[in-house]
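The values are calculated or read from the model by the stated rules, or taken from the named source; none is laboratory data. The structure presented is a predicted model; accordingly, all values stated were derived computationally and were not measured. In this analysis, Cβ positions are derived from the backbone assuming ideal geometry, glycine residues included, and neighbour counts consider all displayed protein chains.
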Amino acid sequence: MDGTKLENIEIGLLVEVVEKQNQGSGELTEGIIKRILTKSKFHPHGIKVMLDTGEVGRVKNIIEEDEF
């Protein structure tokens, strides 16, 4: 699913995000969405979220439940 559209993002989803300090390397962090920080319906680099660990990043991948 597309992490650039707010309609695809909801609290509790398992996602991969890129944190600001990792934008150059593209290193992804996996976690569960705790808060949605982007207010607009679309962001070209991904919707900004806070994970349950407190890490903040932009959603790059939404991990479907059947991918576990």
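A few notes on this one:
- Check on M1, surrounded by 12 or more Cβ atoms within 10 Å (Cβ to Cβ), assigned to a loop (DSSP other than H, G, I, E, B) and aliphatic (A, V, I, L, M): yes
- Odd one out for Q21 among (1) modelled with pLDDT of 95 or more; (2) in a loop (DSSP other than H, G, I, E, B): (2)
- Within this structure, T38 fails the test of being surrounded by 14 or more Cβ atoms within 10 Å (Cβ to Cβ) and touching a Phe, Trp or Tyr at 6+ places or on another chain (Cβ under 7 Å).
- Consider the range 9-32 and keep the residues that are out of contact with any Lys or Arg (no Cβ under 7 Å at 6 or more places or on another chain) and closer than 10 Å to I62 by Cβ. The one that is surrounded by the fewest Cβ atoms within 10 Å (Cβ to Cβ) is E10.
- One residue stands out among those in the range 33-49 that are among the hydrophobic types (A, V, I, L, M, F, W, C) and not in a strand (DSSP E or B): the one that is farthest from I63 (Cα to Cα), which is L37.
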